[in-house]
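Chemist: Dropping a structure here in structure tokens format, bear with me for questions.
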Amino acid sequence: YLKISKLALAFAIIHSKPPGRSCKEYTEHLAKTVSEQDFGWKSKVEALEAEVLRLRQELLLNKICPRFCLENNASAETLLDQECIDPVSYSSQLEDSGCDVSNDYAFDSLGIASDFHQSEHNVNTSKRWLERVPPLNLCCTGKEESLTAPVQFLQHLLEIRKLSERGILQADFTELENDSFTICNSVSQLLDGLTIFYNSPKFPVSNFLNEAVCVLISLITDSKLSNQVLKKCFKKLEEFKKNLIQIILRNSSVNRFQALHAVSQTLVLLARNNVLRNSLISLLLSEVRQFAEQLLQAHQYENTFLLCTILEQLLQNETEDGNVSSSDYDGEEKIKFLKNLDQIILHLSDEFPLFSLYLWRVSVLLNSSQIQ
């Protein structure tokens, strides 16, 4: 049936192709047209799904506290703390050379860690910061747009939580148990958006992303909301932590320190929830143990210097004897060795300076023989 269908399609394309066009060109044109239509439908579906989630979020908020939509603007401005995160000076970030700075707390890519360190002097200040609800009407651009709905929905939950605690509003948070889809999808979108940012961070960090992290930390440290969120989103939070750990381990860019600092601070803040803290410790112990075992298996590292010395001696002798053209190392292994060698040496030079030096000396001899 598939062969017959392909044959029929081929005949249809041949009979319908316009003059002046080959069958190949016309087929490629048709394929492009169909793929564009599929992409358009996919975009429409995603937009409709986002709208459905937004409506479900509004419905859930209305079930939890019907009066909230009418009173949140007036109540929030007068009752909630108006503390804001002090903007970080981003001049050092933009000119970062990969070196450490004298003031550890000032080196804060997300503008979050410094607030927590400063608040350690005052427990009440720390509690107020954790419980504060960020502004509701946030501006964002680009990829951040996908985070707008979940961030604002979770902000509203936190605001209702505070107002109900103060007796201003009556709220029924048991409704969260009846609608696991909305809370799960909202938290998942928030975590996915943060993961995308950490994979390819851009500095200076926008205020919106700062607020997204604030919402996440406030949510998991809230005494009433955190348990319900963990019930429904624990696997997603575990996946988020694993992704952040892998981002730290796999990042090999030269100026990676400010980005990795932001990731590490987010992990530390997640650990303010005891359940997440215990699982995070287990994940970190596992990664460190695996790396230690790999180092143990590579105990022959120091012995490799002898191989480098022998290789260097052989190459030196060949160069001095002028017998380069008859050597056997002009083939595939030489190409493999020299490929990306400068990049390898650059990344290894800090941790393994002597080994990097040996690699460089061998590469010099290989390149000099090639020139001769």
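Chemist: Just to be sure I understand the model, the point goes 7 Å from the Cα along the line to the Cβ. What's the resulting His15 to Ser286 distance in nm?
Modeler: About 6.0 nm, to one decimal.
Chemist: Still on this structure: Out of the range 152-219, which trypsin sites (Lys or Arg not before Pro) are coil in DSSP terms and have no more than 16 other C-beta atoms within 10 Å? Write out the running numbers ahead of the final one.
Modeler: Values: sites: Arg161, Lys162, Arg166, Lys202; in loops: Arg166, Lys202.
Qualifying residues, ordered by number: Arg166, Lys202.
Chemist: Can you pull the semi-axes for the range 165-238, root of five times each eigenvalue of the Cα gyration tensor, sorted largest first, whole Å? Please report the intermediate quantities before stating the final value.
Modeler: Numbers: eigenvalues 133, 51, 18 Å².
With the √(5λ) rule applied to the range 165-238, the semi-axes are 26, 16, 10 Å.
Chemist: Then there's this: At Asn227 and Glu351, where each label point lies 7 Å from the Cα along Cα→Cβ, what is the point-to-point distance in nanometres?
Modeler: 4.3 nm
Chemist: Under a straight-distance cross-link criterion of Cα-Cα below 29 Å, which lysines are reachable from Lys63, leaving out those fewer than 8 residues away in the same chain?
Modeler: List returned: Lys44, Lys127, Lys162, Lys224, Lys231, Lys232, Lys235, Lys236.
Coordinate-derived values only; no laboratory data. Because the structure is predicted, anything quoted here is derived from the model rather than measured. Glycine also receives a Cβ, built like all others from the backbone with ideal geometry; neighbour counts cover every protein chain displayed.
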